[in-house]
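Structure first, then comments.
The values are calculated or read from the model by the stated rules, or taken from the named source; none is laboratory data. Keep in mind the model is a prediction, meaning the values are calculated, not measured. Cβ atoms come from the backbone with ideal geometry, glycine included; neighbour counts cover every protein chain shown. The area values use the complete protein model at the heavy-atom level, side chains included, leaving out ligands, DNA and RNA. Shrake-Rupley method; radii C 1.70, N 1.55, O 1.52, S 1.80 Å.
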Amino acid sequence: MRPILFIAWLTLREAGRRRILWLVGGLSLVFLIVFAVGFRLVYAEILAHMPRSGREGEAASFFAIAGLYAANFLVIMLSVLAAVDTVSGEVASHSIHSLVSKPIRRREVILGKWLGFAALVVGAVLALGGGVVAISWAITGYLIPNTLVGLSLIVLEGLVLTSLTILGGTRLSTLANGVLVFMLFGLAFLGGWTEQIGGFLGNQAAIRVGIVTSLILPTEALWKRAAHLMQPAVYQSFASTPFAVTSVPSPAMVYYSLVYCLAVVAAAVATFDRRDL
C-alpha cells in the first residue's frame, strides 16, 4: 500500500507543479462568487413576485441545480484533462522509466496515479458542488435534498472518466486518448437527452437508446440520477425545468457504474503490465 500512496502523493505534487491545483482552487472561488451574486439576484426577484408561502427557497433551487450542472461539467473536464497525459505523456518522454526502474510494480504506478487523481476529483466536487449547496442554503435557508448522495454520484461520474482516461493512456497517444474519451462522453450525453425526451413523449425506443449509451459510458445516467434526487418533487412532476428527469436511471445503474469503474481500472493495470516500454 505504501508505494501506491507514494505515487498518489507524487501525482498530486505534479498537479501542483503544473499549477493545476492552484487554478482549480482559484477559479473555483471565482465560480462560487459569480454563482452567489447571481443566486442572490434571482432570489430577490422571486421574493418580490411571489406571495410569502415559505417555499421561496424551493422555487429558487432551480438556479442551484443550474449551478450544480455547471459544477458537474467542470468536474468532467477536470477528470479528463488532468489525467489525459499522465501515462501516455510520461511514456512518450521516457520519464516513466524513472518510476518503473524503482522497486515499484507497474500496477502500483497505475493505482497510485488513479488514487491521486481520485483525490483531485473529490476535492473539486466538494469545492464546487459543496460550495453551490452551501451558498444556496445560506441565502434561502433551503437545503437541497439528498445532497450527500447527489454529490457522491457526481464524484463517481468523475472517477469513471478518470479511470477511462488512464486506461486510454496505457495504449494511445495523449491526443488520441483525449479524442476517445470526449467522443464517448458526447455519445453518452446525446443518448441521455434522447432518453429524457423519449421519457417525456412516452417513446420506449428512444428510452432504450439512452439506456444502451449509458451502458457504454454511464456518466450522463449518473448526473441524471443526481439531478433527480436533488430537485424538489414538484419540478419532476411537471417536467417544468430543463433539469427535470423524465426517465430516472435506476439504482442498478449506480451499481453498474461502480463495477464499470473497477473493471476499467483493472483493465488499465493489466494493459500497462503487458506494455513494452
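Tell me, yes or no, whether region 136-152 has at least one residue that is under 15 Å from the mean Cα position of the chain (by Cα) and farther than 28 Å from Ser61 by Cα.
There is no residue in region 136-152 that is under 15 Å from the mean Cα position of the chain (by Cα) and farther than 28 Å from Ser61 by Cα.
Can you name the number of the only condition in (1) at pLDDT 85 or above; (2) over 28 Å from Leu229 (Cα atoms); (3) touching a Ser or Thr at 6+ places or on another chain (Cβ under 8 Å); (4) not hydrophobic (A, V, I, L, M, F, W, C) that Glu108 fails?
Evaluating Glu108 over (1) at pLDDT 85 or above; (2) over 28 Å from Leu229 (Cα atoms); (3) touching a Ser or Thr at 6+ places or on another chain (Cβ under 8 Å); (4) not hydrophobic (A, V, I, L, M, F, W, C) leaves (3) as the failure.
Determine whether Leu81 is out of contact with any Phe, Trp or Tyr (no Cβ under 6 Å at 6 or more places or on another chain) and at pLDDT 85 or above.
yes
Taking Arg274 as the residue in question, decide whether it is of a type in the set (D, E, K, R), touching a helix residue (DSSP H, G or I) at 6+ places or on another chain (Cβ under 7 Å), modelled with pLDDT of 80 or more and open to solvent by 10 Å² or more (accessible area, probe 1.4 Å).
no
Per-residue answers, yes or no, for (1) of a type in the set (Val, Ile, Thr); (2) closer than 15 Å to Gly150 by Cα:
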site	(1), (2)
Leu184	no, no
Gln204	no, no
Thr213	yes, no
Leu229	no, yes
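Out of the residues in region 56-97 that are in contact (Cβ under 8 Å) with a residue 24 or more places away in the chain and part of a loop (DSSP other than H, G, I, E, B), state the one that is farthest from the chain's Cα centre (by Cα).
Ile96
Being out of contact with any Asp or Glu (no Cβ under 7 Å at 6 or more places or on another chain) and of a type in the set (D, E, K, R) is the filter here, so list the residues in region 103-148 that pass it.
Hits for region 103-148 are Arg105, Glu108, Lys113.
Output the residue which, of all residues in region 111-149 that are modelled with pLDDT of 90 or more and among the polar types (S, T, N, Q), is nearest to Gly25 (Cα to Cα).
Ser136
Restrict the check to region 98-111 and report whether at least one residue is under 30 Å from Val42 (Cα atoms) and open to solvent by less than 40 Å² (accessible area, probe 1.4 Å).
no
Quick one: Val122 ticks every box in (1) under 13 Å from the mean Cα position of the chain (by Cα); (2) open to solvent by less than 50 Å² (accessible area, probe 1.4 Å) except a single one, so which number is it?
The failed condition is (2).
Quick check on Val42: is it within 29 Å of Ala138 (Cβ to Cβ), open to solvent by 40 Å² or more (accessible area, probe 1.4 Å) and in a helix (DSSP H, G or I)?
yes
Just to be sure, is Tyr69 aromatic (Phe, Trp, Tyr) and crowded, with 18+ Cβ neighbours inside 10 Å?
Answer is no for this residue.
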